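**Q** This is the structure, below, for whatever I ask next.
Every read-out reported here was derived from the displayed coordinates using simple, explicitly stated rules and does not represent laboratory data. These numbers were taken from a predicted model, which means no experiment stands behind them. Counting neighbours? That spans all protein chains shown, and the Cβs are built from the backbone with ideal geometry, glycine included.
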Amino acid sequence: MKLKKLLKHAFSAGSEPLTDDEKKLLDNLIKKVRSSPLKSAAAVFIESIRPLDYIGSQTVVALKPFIEFAVPKEKIDQVISILSKRNGLDYLIKGLNDGESNTRN
């Protein structure tokens, strides 16, 4: 019975809230994507990878030594943290969708 209890959450992503720094990083990304002509395509792409967000965070961890040459370590750690939280991509998608509804009015 203990093994079943331990394995119940073995592969679940974290549900802790985003930090202010993570929200700031996502808000900056949202602003950049909104100004792009491909914002609809970006929203569809992000929606399609939502089930893989935790796996994506682990991929970034594996590639971190190579990515550090182009991106500051702190930003990489923030991306890993955002992708490992269940509500990270939800925040991003909501921000993109809110921007679309605001531009339609």
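**Q** Using Cβ counts within 10 Å as a stand-in for footprinting exposure, how do 21, 53 rank, fewest first?
**A** Working: 21 12, 53 20.
Listing 21, 53 from fewest to most nearby Cβ atoms yields 21, 53.
**Q** Take residue 86 and residue 63, extend 7 Å from each Cα along the Cα→Cβ direction, and tell me the distance between the two endpoints in nm.
**A** Spacing of the two 7 Å Cα→Cβ label points: 2.6 nm.
**Q** From the phi of every residue in the range 36-42, what ³J(HN,Hα) in whole Hz does the Karplus formula 6.51 cos²θ - 1.76 cosθ + 1.60 yield, where θ is phi - 60° and glycine or proline is x?
**A** Going residue by residue, I get 8, x, 9, 5, 5, 5, 5 Hz, with x marking Gly and Pro.
**Q** Could you work out how much longer the chain between residue 27 and residue 93 gets when fully extended? Use 0.36 nm per residue separation minus the Cα distance between them, nm to one decimal. Before the final figure, lay out each step's value.
**A** Working: separation 66, 0.36 × 66 = 23.76 nm, distance 1.09 nm.
Net length gain for the segment: 22.7 nm.
**Q** So, one more: Kindly rank 86-96, 32-42 from highest to lowest mean number of other beta carbons found within 10 Å of each residue.
**A** 86-96, 32-42
**Q** Next up: Working out 0.36 nm times the residue gap between residue 52 and residue 35, then minus their Cα-Cα distance, what length gain in nm do you get to one decimal?
**A** Working: separation 17, 0.36 × 17 = 6.12 nm, distance 2.59 nm.
Length gained, residue 52 through residue 35: 3.5 nm.
**Q** Follow-up. Using Cβ counts within 10 Å as a stand-in for footprinting exposure, how do 49, 67, 30 rank, fewest first? It would help to have the intermediate numbers written out before the result.
**A** Values: 49 12, 67 15, 30 21.
If I rank by nearby Cβ atoms, fewest first, I get 49, 67, 30.
**Q** In whole Hz and in residue order, list the ³J(HN,Hα) couplings for the range 76-85 that follow from phi through the Karplus curve 6.51 cos²θ - 1.76 cosθ + 1.60, θ = phi - 60°; x for Gly and Pro.
**A** In residue order, the calculated couplings are 4, 4, 5, 4, 4, 5, 5, 5, 7, 9 Hz.
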